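See structure below.
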Amino acid sequence: MIKNYLKVAWRNLIKNKASSFINIGGLAVGMAVAMLIGLWIRDELSFNKYHQNYNSIAMVMQKETFNGTVSTSGVIPLPLDAEMRKSYGSDFKHIVMSSWTEKHVLVAGDKKVTYPGVFMGADAPEMFSLKMLKGVRNGIQSPSSIMISQSTAKSLFGDTDPVGKIIKLDNKSGFNITGVYEDLPRNTTLYDVAFIGPWDYYITSPGNQRSLTDWGDNSLFMYVQIADHADMARLSEKIKNIKLDHMSQEDRKFKPEMFLQPMSKWHLYSEFTNGVNTGGAIQYVWLFGIIGTFVLLLACINFMNLSTARSEKRAKEVGIRKAIGSLRGQLIYQFFCESLLIATLAFIFSLFLVLLMLPWFNDIANKQLTILWNDPLFWIAGAGFTLFTGIIAGSYPALYLSSFQPDKVLKGTFKAGRFAAVPRKVLVVLQFAVSVVLIIGTIIVFKQIEFAKNRPVGYSRDGLVNIEATNDDLHRNFNAVRADLLSSGAIAEVAESSSSTTGVNNDRSDIIWKEKDPAMTDSFGNIYVTSSYGKTVGWKFKEGRDFNSQFVSDSLAVVLNETAVKYMGLKKPIGEVIKVGRRNLTVIGVIKDMVMESPYDPVKQTIFFLGRGPFDDVLIKINPNVSAHEALSKIAAVCKAYSPSVPFSYKFADDEYAKKFATEERVGKLASAFAGLAIFISCLGLFGMASFMAEQRTKEIGVRKVLGATVFGLWRLMSADFVILVIIALLIATPTAYYFMHSWLQHYTYQAELSWWIFAVTGAGAIIITLLTVSYQSIKAAMMNPVKSLKTE
């Protein structure tokens, strides 16, 4: 029986090639989109699951209160390490301190590479269950040992076994390679870590020593693995006041609270608002999951519409089958077999589409996704996916067609009825409502990105080059470096800074000014610069003057941004004396706010100090009359002359600033692609419906032409029904899109407006697309010879 069902289904597909192509093509596109999104969601949900101890690893974080606002941070003070081991050691399997991930120069023989690395406690490789390819897992017990990744080993040593060999770090200390671990996958937090150095070396090296008793120095990370008997939530509550109990009475006003953030939340739930975990990447998982579901639903709607629209052509078949004894259940099975056949063919074509689209998708999504050919679960999921799609797509046609009465059908008295087309119209409205919501959402995402990009940043990014200082060679010779660069003619100015122009590396809260409320808690951005910094970045003064290296008094001077002046309530800031730590410093200038962190958030109150360092970055302004290529070659020559052990690397400030929009741009590009595919699927359905309607009304069109109807009049008549449906869809989609996008924009302090033209343009575009889609069939039918039209039955 099933063989017969499939044979009939195949004959129907061959007989109705156009509708079969639309059904299979539409379903294939919908399935491909759903499959791509499914692979992406799987990758997101499996983030960090590479680590065997995934469920028991956590990061120690803290909350601090500043003027009633709770700030959450992942950095903690060094004394916490000893106190955790002393007071709660039995509750943890491993307690691991960690530095920031920073770039360092690795030297092996005549090979030099610059890779990001981290210094961690000796238990880190075991806790993170690194897969060792060579050497031992407990390889960073000694201060002179180091472990490197597979790709790092390949870069430095080729196919030679690197274990036991010596490499230099920043051309200073030599380290013995004790192990090579497998490169971590991209969907792990530590995926870009090229080496892991010993913690004991880090805290004892010059410039990195940390006070074992300073509970106010929040500059390190701590990862833990809880014991088998411990509960994450209870342990988090248990350590809550560990820092507060060791703070001075003055610092207790910040109300520090420590807590454990499970590894399962590092990626998907990384955002905190006023101390409350408000989500993170999980919002995009839900967003694209919903989009994938709706795009597939649109394809299913096409199948339902075309199948039920052609119901009259299959009415006699149903009547004859029922007359010779077929039960309704058998007919239902037959139509489900047809839909499953179409779904199966669509699934096969969708695999080819996914293969074609994956490179593009990976590039936009910044992923390394592949089809899981060898994974049985993939094929089980694919079969289930196809079965589910076939059942959903075929459910309405199967139930509808199998309900026809044989006596009416065979007598020729069967009529679909006045309301038979209503379900099809509802489905068309739903299709376009979903498509319009996606389009409006995409436009608003890009509008928000452009709005933030056009925000005044308070400095000039044009031709501004940033060089990270991986050692102190350039700093020790800075005056000579600056002189050589300026004499080259390719450089306008050079400066040093403790932060790049696209980030604020340090904060401080020990700022006191004349009218400060003693109960007030605060946090200021803290940036050290050289005197040429202002000229290099082109900051803009509202009041006062810039630093001047000729004035000895400027060593006790500061420059504030305008947010700091407002925050402190200074009416006449120039000449105001503020106390920073133990030093009294004089305000000599106020600059316009520099957007150095998120372009979507308010600028933080920031203080610029002259000259003490440490300086992490060298900033270079290229002469606007010189090409970037020529300038970079001269910069490279000078840098190599004074720092020969470090490979020359640089970043343009405008490129680094552009990276701050990467997440939103990625979402916008993916959403626009899916919105385009949704419209394509909807138009396929409209084209099929228009084709059927033109075929169904052939004789009517012939009669109208004989009575004098024009081609334009007939086109207008046949297009009007579809335009009305799209207008109804717009009336539903517009408030829906407004509600969701208004809610989305609330995540940003600095946000674009929801302009009326977005909705108007989208609506007009939807109507134009509809007219273009149905016009071909409408005009073709209208131009048909009425003699032929009236002969058809």
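As a quick test, which of the pairs 238/659; 253/659; 453/566; 243/453 have an alpha carbon distance above 32 angstrom in this structure? Write down the numbers at each step before the final one.
Numbers: 238/659 39 Å; 253/659 36 Å; 453/566 24 Å; 243/453 40 Å.
Beyond 32 Å: 238/659; 253/659; 243/453.
Site pair residue 480 and residue 144 shows an inter-label distance of 3.1 nm when each label is modelled 7 Å from Cα along Cα→Cβ. In terms of the mean number of neighbouring beta-carbon atoms within 10 Å, the peptides 258-267, 493-502 order highest first as 493-502, 258-267.
For Cα pairs less than 8 Å apart in space and 6+ apart in sequence, what is the mean separation divided by the residue count of region 110-230, i.e. the relative contact order in percent? Averaging sequence separation for qualifying contacts and normalising by length gives 33 percent for region 110-230.
Can you give the net charge of the other residues whose Cβ lies under 10 Å from the Cβ of residue 581, counting K and R as +1 and D and E as -1? All intermediate terms of the calculation are to be shown ahead of the outcome.
Numbers: positive: 508, 579, 582, 583; negative: 510.
Net charge around residue 581: +3.
Taking 0.36 nm per residue of sequence separation and removing the Cα-Cα distance, the residue 85/residue 73 pair yields an extension gain of 2.2 nm. Report the FRET efficiency, 1/(1 + (r/R0)^6), for residue 641 and residue 173, where r is their Cβ-Cβ distance and R0 is 30 Å, rounded to 0.05. Calculated value: 0.80. DSSP bridge analysis restricted to the chain gives an antiparallel fraction near 80%, rounded to the nearest 5. For a modelled paramagnetic label at residue 520, 7 Å from Cα along Cα-to-Cβ, the residues of region 50-87 in reach, with backbone nitrogen under 12 Å, are 67.
Answer rounded, prolate or oblate for region 709-784, using the Cα gyration tensor with square roots of eigenvalues a ≥ b ≥ c: rounded when a/c is under 1.5, else prolate when a/b is larger than b/c, else oblate. Don't skip to the answer; put the middle values down first.
Values: a/c = 4.54, a/b = 3.61, b/c = 1.26.
Verdict is prolate for region 709-784.
Listed here are the pairs 168/367; 49/93; 86/265; 103/535; 111/367; 240/516; which of them are more than 21 Å apart at the Cα? Don't skip to the end; give the middle numbers.
On the way: 168/367 32 Å; 49/93 19 Å; 86/265 27 Å; 103/535 27 Å; 111/367 30 Å; 240/516 30 Å.
The pairs that break the limit, which is 21 Å between Cα atoms, are 168/367; 86/265; 103/535; 111/367; 240/516.
What net charge do the residues around residue 89 carry, taking every other residue with its C-beta under 14 Å from that of residue 89, with Lys and Arg at +1 and Asp and Glu at -1?
0
Note the full-extension length gain between residue 771 and residue 372 as 0.36 nm times their separation in residues minus their Cα-Cα distance, in nm to one decimal. Each step should come with its number before you reach the end.
Working: separation 399, 0.36 × 399 = 143.64 nm, distance 4.11 nm.
Gain in length upon complete extension: 139.5 nm.
Once the Cβ-Cβ distance of residue 633 and residue 112 is raised to the sixth power relative to R0 = 22 Å, the FRET efficiency obtained is 0.70. Taking Kirkwood radius over Cα pairs in Å as the quantity of interest, determine which of (i) 29.6; (ii) 36.0; (iii) 31.5 was computed from the displayed structure. Structure-derived value, by its label: (iii). Oblate is the label for region 105-213, because a/c, from the alpha-carbon gyration tensor with a ≥ b ≥ c as root eigenvalues, is 1.5 or above and a/b does not exceed b/c. Using the 1.4 Å probe convention, the accessible area of the chain works out to 47 Å² per residue with neighbouring protein chains retained. Summing Lys and Arg as +1 and Asp and Glu as -1 over all other residues whose Cβ lies under 15 Å from the Cβ of residue 472 gives a net charge of -3. Label-to-label distance, residue 281 versus residue 66, with points set 7 angstrom from Cα along the beta-carbon direction: 2.7 nm.
So how do 182-188, 346-352, 369-375 stack up, highest first, on mean other-Cβ count within 10 Å?
Numbers: 182-188: 16.9, 346-352: 19.0, 369-375: 11.7.
So the peptides 182-188, 346-352, 369-375, ranked by packing, come out 346-352, 182-188, 369-375.
Within the same chain, aspartates and glutamates fewer than 8 places from residue 447 are excluded, and of the rest, those with a Cα less than 12 Å from its Cα are 664, 665, 753. Across the chain, the relative contact order, built from alpha-carbon pairs under 8 Å that are at least six residues apart, equals 15 percent.
Among rounded, prolate and oblate, which fits region 493-606 when a ≥ b ≥ c are the square roots of the eigenvalues of its C-alpha gyration tensor, a/c under 1.5 means rounded, and a/b larger than b/c means prolate? Oblate, since a/c reaches 1.5 and b/c is not below a/b.
How large is the Rg to Rh ratio of region 190-297 when both quantities use alpha carbon positions and Rh follows Kirkwood? Walk me through the numbers before you get to the answer.
On the way: Rg = 19.3 Å, Rh = 17.9 Å.
Rounded to two decimals, Rg over Rh is 1.08.
List the residue ranges in the chain for DSSP H helices whose C-alpha atoms run 15 angstrom or more along the long axis and whose Kyte-Doolittle average is 1.6 or above. Spell out each step's value before the answer.
Values: long enough: 2-15 (20 Å, -0.20); 17-45 (40 Å, 1.12); 282-309 (40 Å, 1.65); 311-323 (17 Å, -1.28); 328-365 (50 Å, 1.43); 376-401 (36 Å, 1.30); 422-453 (46 Å, 1.54); 628-642 (21 Å, 0.49); 662-696 (50 Å, 0.90); 711-745 (47 Å, 1.49); 756-782 (38 Å, 1.31).
Span-like helices here: 282-309.
Expressed as a whole percent, the accessible area of the chain that falls on carbon and sulfur atoms is 58 (1.4 Å probe).
The values are calculated or read from the model by the stated rules, or taken from the named source; none is laboratory data. Since this is a predicted model, take the numbers as computed values, not measurements. Quick reminder, even Gly has a Cβ in these numbers, built from the backbone with ideal geometry, and neighbours come from all protein chains shown. Protein only, heavy atoms only, side chains kept; ligands, DNA and RNA dropped before computing areas. Shrake-Rupley method; radii C 1.70, N 1.55, O 1.52, S 1.80 Å.
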